[in-house]
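What follows draws every value from the coordinates through simple rules; no lab data is involved. Since this is a predicted model, take the numbers as computed values, not measurements. Glycine gets a Cβ as well: all are built from the backbone with ideal geometry, and neighbour counts include every protein chain shown.
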Amino acid sequence: MQDVTSPKQLLAIISIVLTKYILEERSEDVERIVASIKVDKGKYVDLLVQEVIENVWVDAQFAFPPHILMTPEEVKNKALKVLKRKISRDMRLYVSNKIE
Amino acid sequence: MRFHVFKFRPSSHSEDYTLIATYADEEEARAVGRKLLQMLEDMKRNEEDYNADWSPSEASVSIDGRRVVFNVYTAGYLSDVRALLEKVGLLQSLECYENYQEIAISVTVPRGLSVEVAMVVYQGVEVEAIKWLLKNCGQPEIVDGNNGRIFKWYYRGDEIYNDGILYLGNFQFEVYKYKNWSVE
């Protein structure tokens with residue numbers, strides 16, 4: 001994260017980190033979700049990453065001068081946290097069908 | 001890896017947003033509508049899992065044939081809804097409007113006049129309005145009545161009409177000043 005110099009670059013790196021996490025750590029969950037919806041795995045991952053990036057877009061703007069409120073590392077960690085919540089949401093909506 | 005530019009990026013002010021998702025058939029639209037309602041229920045209990053500045057009780061969902069219509073007052077926090085609309089059905093189109101309006105704009109002209117001739121007969125802002133309507137709404141419906149011929153355009157989209165004034169691109173048309181024009 002030290003070499004990152006712009007919000008755009010940070011968001012691009014976070015997109016890769018998120019995709020890697022989804023495919024390596026949550027592949028089984030994603031398979032179960034995709035089995036219940038109308039888009040394939042690739043499209044689903046794409047939509048999920050897009051959603052999370054949208055959530056942290058503003059934070060990324062404030063991780064660089066002139067107004068630094070967060071570090072790039074903090075933005076990445078927030079993105080991962082948001083991603084986990086989105087997967088939990090989709091597990092409830094599309095796999096368990098149990099809205100609690 | 002695609003890098004996205006987001007249409008629904010949240011802004012600093014709120015508007016009445018309407019998302020209209022169109023699917024291949026009514027059955028699919030109904031399935032998406034049901035899932036959307038489930039999502040609103042889920043939001044009530046798992047607020048932290050959603051990126052929204054609105055309460056699920058403030059949102060509305062309706063089905064209109066192959067279309068699912070979602071409406072809420074927000075500063076653009078629509079990513080959860082959009083993602084669902086794209087996942088649950090095979091989306092044919094997704095439209096997003098601010099302060100959505102469905103209106104009919106009419107102008108009464110002498111009988112027998114075509115739109116083209118009307119644009120020669122009339123002047124100034126009326127001609128500009130007709131040009132805008134032709135460009136954005138297409139050819140008008142034509143009704144011949146006792147008092148003349150009515151050209152009627154049907155518009156749906158972002159808000160263009162408020163308090164007697166049509167906001168057509170870069171000019172304002174004060175409809176209330178013209179007896180032969182009406183908006184309903």
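Some points to look at:
- Cα gyration tensor category, rounded, prolate or oblate, for region B:8-63 with a/c compared to 1.5: oblate
- Angle in degrees between helix A:72-90 and the longest Cα principal axis of chain A, rounded to the nearest 10: 10 degrees
- Global geometry of region B:101-183, whether rounded, prolate or oblate, following the gyration tensor of its Cα atoms and the 1.5 cut on a/c: prolate
- FRET efficiency estimate (nearest 0.05) - Cβ-Cβ, residue B:127 to residue B:60, R0 51 angstrom: 0.85
- Whether region B:50-107 is rounded, prolate or oblate, judged on the alpha carbon gyration tensor where a/c under 1.5 counts as rounded: oblate
- Convex hull of Cα atoms in chain B, direction-averaged projection (nm²): 13.8 nm²
- With contacts taken as Cα pairs under 8 Å at a separation of at least 6 residues, chain B carries a relative contact order of 23 percent.
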